[in-house]
Amino acid sequence: MFWEITFKSIGFAALIAMFGFGTFVLTDYSSRPAPTGEILENLEHLDDSQFILNRRDNESTVVLFYHPHCPCTFATARCLQRLSTDFKTRPQIIALAYCPEDQPDRWIESSTTRQLKKIADVRVVIDRDGSICQQFGVTTSGHTLIYGPDAELRFSGGITPYRGHEGYCRASTAFMQHLNHPQKHPTNWPVFGCQITSNNQ
């Protein structure tokens with residue numbers, strides 16, 4: 001009887017320990033920022049700027065890079081939609097959807113793409129094999145950039161508090177400050193999402 005109770009106790013303790021470790025791993029993953037590359041500092045430096053040629057004077061440009069099937073990025077789309085209701089001056093918003101070279105255009109259709117299309121004036125553009133993504137130096141889904149009316153980089157980073165989490169955070173507050181009250185110096189924030197391209201590409 002004693003040994004039976006002891007083994008049951010040990011088994012229960014092991015189960016608790018495994019649960020605690022699993023929770024730690026998940027928490028660590030959700031709060032661990034993705035690596036970032038060297039971000040393009042001015043839109044005028046793009047090799048191929050066809051997707052952005054209609055940039056209007058005196059307007060900021062928001063560029064969101066996303067993998068349509070990254071589960072984390074749905075939170076970014078929801079956050080951007082919520083923030084867009086507080087824009088004092090509407091920026092041009094371009095959502096660049098990664099699509100493998102060998103996949104048809106419909107491959108980008110997902111809950112994240114549908115969510116982004118709900119935002120007023122957003123333009124979803126297919127980024128074949130991440131070629132535009134690489135020009136910007138972006139490697140992670142959910143990476144959001146703001147370029148001022150002068151085409152200079154003003155904000156670079158994620159706009160969610162953690163991977164797959166919604167809600168206001170310091171990054172989303174900084175994002176709004178740069179849009180509604182343009183700052184002179186750019187700010188950088190962590191990005192939480194799945195990898196789109198490699199730093200080595």
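A few remarks follow.
- Screening I119 on (1) in a helix (DSSP H, G or I); (2) touching a Ser or Thr at 6+ places or on another chain (Cβ under 6 Å); (3) aliphatic (A, V, I, L, M) shows it passes everything except condition (1).
- Subset of the range 80-99 (residues that are outside any strand (DSSP E or B) and in contact with a strand residue (DSSP E or B) (Cβ under 8 Å, 6 or more places away or on another chain)): L80, S84, P91
- Whichever residue in the range 102-118 is of a type in the set (A, V, I, L, M, F, W, C) and either touching a residue at least 40 places away in the same chain (Cβ under 8 Å) or closer than 17 Å to C72 by Cβ (or both) and, among such residues, is surrounded by the fewest Cβ atoms within 10 Å (Cβ to Cβ): I108
- Within the range 122-133, the set of residues being assigned to a helix (DSSP H, G or I) and within 11 Å of V63 (Cβ to Cβ) comprises I132, C133.
Residue-wise test of (1) more than 18 Å from the chain's Cα centre (by Cα); (2) closer than 19 Å to E44 by Cα.
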site: C133; (1), (2): no, yes
site: I146; (1), (2): no, yes
site: P149; (1), (2): yes, yes
site: K184; (1), (2): yes, yes
site: V191; (1), (2): no, no
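- Just one of the numbered conditions (1) surrounded by 10 or more Cβ atoms within 10 Å (Cβ to Cβ); (2) at pLDDT 85 or above; (3) within 24 Å of Q183 (Cβ to Cβ) is not true of D86: (1).
- Unique match (being within 16 Å of F65 (Cα to Cα) and charged (D, E, K, R)) among R114, R90: R114
- R106 modelled with pLDDT of 90 or more, of a type outside the set (A, V, I, L, M, F, W, C), more than 29 Å from N58 (Cβ to Cβ) and assigned to a helix (DSSP H, G or I): yes
- Taken as a whole, the condition of being part of a helix (DSSP H, G or I), touching a helix residue (DSSP H, G or I) at 6+ places or on another chain (Cβ under 6 Å) and buried (at least 19 other Cβ atoms within 10 Å of the Cβ) applies to A77.
Here's the yes/no breakdown for (1) modelled with pLDDT under 95; (2) assigned to a loop (DSSP other than H, G, I, E, B); (3) surrounded by fewer than 16 Cβ atoms within 10 Å (Cβ to Cβ):
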position: Q135; (1), (2), (3): yes, no, yes
position: I146; (1), (2), (3): no, no, no
position: P161; (1), (2), (3): yes, yes, no
position: E166; (1), (2), (3): yes, yes, no
position: H185; (1), (2), (3): yes, yes, yes
position: G193; (1), (2), (3): yes, yes, no
position: Q201; (1), (2), (3): yes, yes, yes
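- Within the range 168-179, restricting attention to residues that are farther than 10 Å from L83 by Cβ and either surrounded by 14 or more Cβ atoms within 10 Å (Cβ to Cβ) or in contact with a Ser or Thr (Cβ under 8 Å, 6 or more places away or on another chain) (or both), the residue that is modelled with the lowest pLDDT is C169.
- The set of residues in the range 40-54 being at pLDDT 65 or above and of a type in the set (S, T, N, Q) consists of N42 alone.
The values are calculated or read from the model by the stated rules, or taken from the named source; none is laboratory data. These numbers were taken from a predicted model, which means no experiment stands behind them. As a convention, Cβ positions derive from the backbone with ideal geometry for all residues, glycine included, and neighbour counts pool all protein chains shown.
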